[in-house]
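Take a look at the structure below.
Just so you know, all these numbers are worked out from the coordinates, no wet-lab data involved. All figures in this text were calculated on a predicted structure; none of them were measured in a lab. Cβ placement follows ideal geometry from the backbone for every residue including glycine, while neighbour counts extend to all protein chains displayed.
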Amino acid sequence: MAKIFSCSERNIQYFLARIKQKGIELSERSQGGDTPPKEPPSHPKRLHGQMFSVKILYYGPYYRKVRDRGNIELFGDFKVHLHKASITLYCLRDFVAGTAIEAHKDSLEWLVKTLSFLERRWHIMLLKDGYQNIKECRAHYAEMQNELGRHASEHHDRLNLKAKEDNKVWLSTDRSFSFDELETLHPHTARHDMDEVVYPWLTRLRSDPFSFEKMIYIQEGLQSNVSQIISIMQQLARLFGEAARPAQPAGPPADSAHIPDYIG
């Protein structure tokens with residue numbers, strides 16, 4: 001597998017450990033014998049770079065003593081900045097799943113466990129029904145083994161598309177852990193963009209016999225100029241961005257009914 005993906009065995013093991021639970025599930029025994037395990041997703045989604053702001057609901061003298069010793073603490077997979085009436089958590093781990101929403105749910109389960117631990121450790125109150133005091137400030141969703149990301153990487157290029165509503169980057173190509181990725185990273189709509197905009201568009205491309213990837217290879221076979229190929233790629237991506245992702249509201253996406261309450 002490492003040879004197929006042109007990366008180290010260590011990187012393969014790193015991500016297989018994270019997609020095993022979501023990507024390979026053994027079904028119950030049937031009359032016809034065991035059903036073979038489900039194939040892992042060919043393009044798993046990797047959630048990373050999360051940042052949360054949590055308002056402290058109650059704190060006492062012990063928390064003030066903790067802050068006096070220093071305002072930055074490391075706990076497992078979180079780097080925590082301590083403020084007078086709130087804390088900021090930077091997640092240091094990745095969550096890999098078949099879809100962006102699945103990866104997001106896994107990350108929130110991990111967050112709640114960490115906050116519960118911090119409550120006991122610092123004698124404070126962070127969790128309550130509704131989780132209205134918790135706000136996700138940043139999250140990046142990357143589709144791994146992405147064709148557009150691989151093409152940009154091969155030609156030492158990087159694609160950055162900006163949102164119309166606030167001029168912030170919402171779509172970018174990247175290479176992480178030897179995997180070529182297409183990443184959504186807008187602070188308000190990253191998860192929505194990955195599952196509702198980028199994934200449907202890529203699905204249509206991959207089902208088309210004359211896909212975008214084949215178009216690139218044909219152009220390369222005709223010895224087209226690399227800069228022209230990159231220009232065509234960028235123009236197509238921009239057209240896709242304008243057609244598939246209309247200007248979004250300044251706040252969270254319109255389908256916020258599907259978002260858990262603790263995404264403030």
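Values as computed for the structure displayed
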| quantity | calculated |
| --- | --- |
| Least to most buried among Val66, Val197, Val96 (fewest other Cβ within 10 Å first) | Val66, Val197, Val96 |
| Exposure proxy ranking, count of Cβ atoms within 10 Å, fewest first, for Ile72, Ile124 | Ile72, Ile124 |
| Cβ-derived FRET efficiency at R0 51 Å, Lys65 paired with Asn160, nearest 0.05 | 0.70 |
| Distance between modelled label sites at Arg175 and Arg121, nm, 7 Å Cα→Cβ extension | 3.7 |
| Residues Lys164, Lys79, sorted so that the one with the fewest Cβ neighbours within 10 Å comes first | Lys164, Lys79 |
| Under 5 Å, built H, 5+ apart or other chain: amide partners of His186 | none |
| Relative contact order computed over segment 45-140 (Cα-Cα under 8 Å; 6+ residues apart), in percent | 46 |
| Under 12 Å, Cβ to Cβ, from Val54 - net charge with Lys/Arg +1 and Asp/Glu -1 | +1 |
| Length gained when the stretch Lys128-His83 is fully extended (0.36 nm per residue, less Cα-Cα span) | 14.3 nm |
| Calculated over segment 65-206: convex hull of Cα atoms, volume per residue (Å³) | 150 |
| Gyration tensor over alpha-carbon atoms, segment 32-145, equivalent ellipsoid semi-axes in Å | 34, 15, 12 |
